[in-house]
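Here is the structure we will look at.
The values are calculated or read from the model by the stated rules, or taken from the named source; none is laboratory data. What you are looking at is a predicted structure, and each value in this text was computed from that prediction instead of being measured. Cβ placement follows ideal geometry from the backbone for every residue including glycine, while neighbour counts extend to all protein chains displayed. Just the protein is used for accessible areas: all its heavy atoms, side chains included, with ligands, DNA and RNA removed. Shrake-Rupley method; radii C 1.70, N 1.55, O 1.52, S 1.80 Å.
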Amino acid sequence: MNNNGGSMASNNETLFRVEHLHVSVENTEILKGVDLVVNRGEVHALMGPNGSGKSTLANSIMGHPRYKVTQGKVLFNGNDVLPLTPDKRAQLGLFLAFQYPVGIPGVVMGNFMRAALKARRGEDVPVREFRKLLDETLDLLKMDPSFVRRYVNEGFSGGEKKRAEVLQMAMLKPEMAVLDETDSGLDIDALKIVAEGINALRGPDLGVLVITHYQRILDYITPDKVHVLFDGRIVKSGGPELVHELEERGYDWITNPEASGAGPEAVAAGKENA
Amino acid sequence: MGTKIEDVTKDSGYKFGWNDPDFKAVNEPVKGLSKDVVLGISELKDEPAWMRDFRLKAYNHWLERPMPTGFWGGNIQNYDLDFDDIYYYVKPVAEQGKTWDDVPAEIKRTFDKLGIPEAERKFLSGVEAQYDSEVVYHNIREDLKKQGVIFMDTDSALREHPDLFREYFGTIIPPNDNKFASLNSAVWSGGSFIYVPKGVKVEMPLQAYFRINTENMGQFERTLIIADEGSDIHYVEGCTAPTYSSDSLHSAVVEIIVKKGAHVRYTTIQNWSDNVFNLVTKRMAVYGEAVGEWVDGNLGSKLTMKYPSTYLLEPGAHGEILSLAMAGPGQHQDAGGKCIHAAPYTTSVINSKSVSKGSGRTSYRGQLKVYPGAKGVKATVRCDALLLDEESRSDTYPLMDIDEQHVTIGHEASVSKLGEDQLFYLMSRGMDEAEAAKMIVNGFVEPIVKELPMEYAVELNRLIELQMEGSVG
Ligand SMILES: Nc1ncnc2c1ncn2[C@@H]1O[C@H](COP(=O)(O)OP(=O)(O)OP(=O)(O)O)[C@@H](O)[C@H]1O
Ligand SMILES: [Mg+2]
């Protein structure tokens with residue numbers, strides 16, 4: 001069950017590719033040329049200091065209208081998704097677990113999930129089948145069934161919101177999922193449950209980009225690659241060992257190598273991606 | 001001439017805009033209002049002298065009073081509604097039907113299309129159908145009749161229950177209450193009369209359906225509901241009309257008496273075509289420990305001015321107003337409600353939700369009044385407005401007259417734009433923009449819709465969806 005073998009699942013087939021992506025918000029450039037490739041079956045971690053542009057990347061991938069792509073491409077299964085509205089991207093199998101899921105008053109989770117599943121599959125899902133899938137997924141994430149009758153993200157605790165995002169991911173079965181700080185706000189038990197849930201979804205076809213500040217979740221979900229985003233650029237990429245290095249040394253040695261006395265290697269890596 | 005019944009208006013999203021081209025009135029309707037028109041109505045109905053005099057007095061009030069321009073005037077003065085271009089009385093049938101088969105085919109066809117006979121069979125205690133000026137069909141379940149429940153058109157009640165009628169008629173809303181109450185009092189025709197005896201609980205709703213057919217029609221139904229002590233009744237009204245390029249007028253008066261310990265809920269799903277002026281006066285008198293509720297859904301009409309009010313007259317009385325308004329292009333819903341606390345330990349809730357789109361305009365206009373000495377009053381007013389685009393508008397005009405210190409009053413108001421982040425969230429789950437917007441709007445009005453019986457909740461959600469069609473994207 002605990003398939004955190006990572007790279008073993010990869011078949012080196014490019015699933016998702018971000019090319020030279022530049023994104024502006026209200027005329028301020030936030031992303032300044034991001035490149036990223038996720039193969040089928042791979043899990044990548046994206047780390048980086050607050051405000052470096054991680055959520056901007058996530059939102060741009062999903063097509064938030066406030067984030068204006070000025071240059072670059074987002075290729076999903078070889079097709080540029082940038083001309084597509086968010087609903088079309090979701091229907092193709094892109095998924096974003098939000099850092100701050102927004103509340104939708106009066107909209108019941110169950111109805112919302114049913115509509116989402118219908119959109120994803122392109123056809124109505126029989127009630128029975130829907131209920132079964134929902135119950136199984138609630139069970140997987142150890143969520144109370146009463147959840148389904150509540151309003152979407154309304155009055156959810158921080159942790160409940162994150163769990164609900166993973167619930168949606170599990171039900172919609174995307175091909176490429178971006179999880180934006182899904183681990184933040186989860187207590188130790190919840191983190192384990194959610195991580196196990198994500199691991200259960202891992203397989204040879206799914207690509208995942210885990211945005212996080214912490215090593216904790218990556219102890220459960222071993223990433224194939226780790227990237228560091230700083231000031232709108234990926235300034236360092238490496239294997240799982242990079243997570244430990246970051247945990248120990250912080251970001252300073254990458255983002256401000258001279259001051260922190262980092263070796264020439266790190267400086268070169270930073271410049272190379274700049 | 002006109003649209004065929006099979007035709008539905010495609011562009012406006014309004015699906016009730018057909019008219020019945022075969023329909024011919026049994027009287028010879030004349031346009032415009034005069035003393036002769038008023039007397040003519042009374043004569044045709046063969047009314048007692050007191051009612052004729054009541055009408056004439058009201059007609060004089062109508063003549064004397066200027067158009068309202070004050071607080072409760074909404075913005076009627078901005079329209080050029082021509083009262084001389086209106087038919088004040090159109091008699092649809094010589095005699096009211098006892099069964100649907102008695103109703104002329106072209107009229108029955110319209111009510112069939114509106115699903116009224118079907119609803120009657122499925123989940124109602126009784127039904128009344130008004131077409132232009134008269135009720136063409138009414139029926140109440142036999143067991144309720146046996147328990148003494150009266151449900152009939154107001155004209156019949158005047159003939160069949162003269163004493164009960166006269167004791168209450170015009171006591172809650174006097175003919176000089178406001179310009180449009182005067183108008184209604186002068187030319188009223190049709191509407192419902194309900195009496196529920198002491199302790200009788202009517203489980204399923206009674207429903208009236210008001211349909212305008214004739215172009216330039218003025219419909220002036222008059223409703224009187226008396227819920228005796230400890231009784232319980234839910235009355236539902238629906239309204240639609242054909243789409244015409246010229247104006248029609250609907251001006252009703254609704255009076256309700258909720259006696260000690262009784263419970264009355266009055267639900268409106270108003271969906272007039274957008275050429276109808278809807279100028280209605282509705283008021284409830286609520287006595288000790290009784291509960292009076294308005295659920296007021298305004299989806300249609302060109303201009304609605306309607307502020308259902310609840311007078312809480314004895315300790316323990318509770319009033320509730322749930323108001324829902326949707327305004328699309330060219331529409332102004334000037335709605336809201338009034339709660340008047342005239343006795344101590346009375347409580348009230350006003351909850352208003354409005355949605356404006358495509359340059360539509362909604363206004364919440366309300367009053368909360370607490371008389372001196374009415375201590376221990378608890379009242380809350382909450383109004384939320386949702387704007388779907390930049391062109392739409394919403395205003396809030398809450399009046400608060402609190403003349404007593406020992407009270408608990410809450411007031412909250414909000415105006416929000418259709419949230420970009422909410423839309424994005426739903427779209428990121430695969431729903432297209434229109435579906436996402438619909439879902440957000442349905443969620444916004446949910447607190448009111450969930451108060452409706454399931455059948456009406458479904459109907460209302462469907463109407464909202466029709467209204468929303470083509471409004472986004
Ligand atoms: N809607 C917006 N309006 C204005 N500025 C924005 C907006 N969204 C992002 N920004 C700015 O863009 C920068 C990057 O923000 P982003 O949310 O992408 O950071 P992040 O890496 O996700 O940070 P965190 O780790 O705190 O979540 C920040 O300086 C932020 O203030
Ligand atoms: Mg972020």
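Which order, highest average first, do A:182-190, B:160-168, B:224-232 follow once you tally other Cβ atoms within 10 Å for each residue and take the mean per peptide? Mind dumping the intermediate values first?
Working: A:182-190: 17.0, B:160-168: 13.8, B:224-232: 21.9.
The most tightly packed comes first, giving B:224-232, A:182-190, B:160-168.
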Given H placed 1.01 Å from N in the peptide plane, which residues other than close sequence neighbours of B:TYR137 have an amide H under 5 Å from its amide H?
-> B:GLY97, B:ALA129
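Return the subset of B:LYS108/B:LYS338; A:LYS173/B:LYS15; B:LYS57/B:LYS91 for which the Cα-Cα distance in this structure is over 27 Å, preserving the input order.
Values: B:LYS108/B:LYS338 37 Å; A:LYS173/B:LYS15 39 Å; B:LYS57/B:LYS91 23 Å.
Checking Cα-Cα distances, B:LYS108/B:LYS338; A:LYS173/B:LYS15 exceed 27 Å.
For A:GLU245, A:GLU165, write out the residues from largest to smallest accessible area, computed with a 1.4 angstrom probe and no ligands counted. Spell out each step's value before the answer.
Values: A:GLU245 65, A:GLU165 0 Å².
Sorted descending by solvent-accessible area, the residues read A:GLU245, A:GLU165.
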Accessible surface, 1.4 Å probe, highest first, among residues B:TYR14, A:TYR67 = A:TYR67, B:TYR14
Please give the per residue accessible area of chain A, computed with a probe of 1.4 Å over protein heavy atoms only, in Å².
-> 44
If ligands, DNA and RNA are left out, what is the accessible area of B:HIS138 with a 1.4 Å probe, given in Å² to the nearest 10?
-> 40
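Please give the average number of partner chain Cβ atoms lying within 10 Å of the Cβ of each residue in A:139-152, rounded to a whole number. Please report the intermediate quantities before stating the final value.
Numbers: counts 0, 0, 0, 0, 0, 0, 0, 0, 0, 0, 0, 0, 2, 7.
Across the residues of A:139-152, the mean count of other-chain Cβ atoms within 10 Å is 1.
Which order do the peptides B:275-286, A:132-143, B:311-322, B:367-378 take when ranked by the mean count of other beta-carbon atoms within 10 Å per residue, highest first? Intermediate results must be reported in sequence, preceding the final value.
Numbers: B:275-286: 25.0, A:132-143: 15.9, B:311-322: 22.3, B:367-378: 18.1.
Ranking the peptides B:275-286, A:132-143, B:311-322, B:367-378 by packing returns B:275-286, B:311-322, B:367-378, A:132-143.
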Karplus-derived HN-Hα couplings along the range A:186-194 (A = 6.51, B = -1.76, C = 1.60, θ = phi - 60°), whole Hz, x at Gly and Pro = 8, 6, 4, 5, 5, 4, 5, 5, 5
Which whole-Hz couplings ³J(HN,Hα) result when phi for each residue of the range A:153-166 is put into the Karplus expression 6.51 cos²θ - 1.76 cosθ + 1.60, θ = phi - 60°, listed in order with x for Gly and Pro?
-> 6, 7, x, 6, 6, x, x, 5, 4, 5, 5, 5, 5, 5
What average number of partner chain Cβ atoms lie no more than 10 Å from the Cβ of the residues making up A:63-69?
-> 3
Counting only pairs 8 or more places apart or on different chains, how many lysine pairs in the range B:347-473 have C-alpha atoms closer than 26 Å?
-> 13
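Report the net charge of residues surrounding B:SER182, where surrounding means a beta-carbon distance below 13 angstrom and charges are Lys +1, Arg +1, Asp -1, Glu -1. Spell out each step's value before the answer.
Working: positive: B:ARG55, B:LYS57, B:ARG65, B:LYS179, B:ARG222; negative: B:GLU64, B:ASP177.
Taking every Cβ under 13 Å from that of B:SER182, the sum is +3.
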Lysines with Cα under 17 Å of A:LYS236, excluding same-chain neighbours fewer than 8 positions away | A:LYS32, A:LYS54, A:LYS225, A:LYS271
Amide H contacts under 5 Å for B:ALA385, placed H, 5+ residues apart | B:SER354, B:SER414, B:VAL415, B:SER416
With Cα atoms, 0 to 90° folded angle of helix A:264-273 axis to chain A main axis = 60
Quick one: accessible surface of B:HIS411, probe radius 1.4 Å, all protein chains present, in square angstrom to the nearest 10.
-> 80
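Sort B:LYS146, A:LYS192, A:LYS236 by accessible area with a 1.4 Å probe, largest first.
Working: B:LYS146 170, A:LYS192 95, A:LYS236 40 Å².
Ranked list, largest accessible area first: B:LYS146, A:LYS192, A:LYS236.
How would you order A:79-85, A:20-26 from highest to lowest mean count of nearby Cβ atoms within 10 Å? Provide the component values of the computation, followed by the final result.
Values: A:79-85: 14.9, A:20-26: 17.1.
Those peptides, ordered most packed to least, come out A:20-26, A:79-85.
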Between B:ILE350 and residues 5 or more places away or on another chain, the pairs with built amide H atoms under 5 Å apart involve B:ILE321, B:THR380, B:VAL381, B:ARG382
Using the structure shown, select from B:LYS146/B:LYS259; B:LYS45/B:LYS302; B:LYS98/B:LYS122; B:LYS24/B:LYS113 the pairs with a Cα to Cα distance greater than 24 angstrom.
-> B:LYS45/B:LYS302
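Enter the mean number of other protein chain beta carbons within 10 Å of the beta carbon of each residue in B:413-425, as an integer. Numbers along the way, then the final one.
Values: counts 0, 0, 0, 0, 0, 0, 3, 4, 10, 7, 6, 13, 12.
So the per-residue partner count for this stretch is 4.
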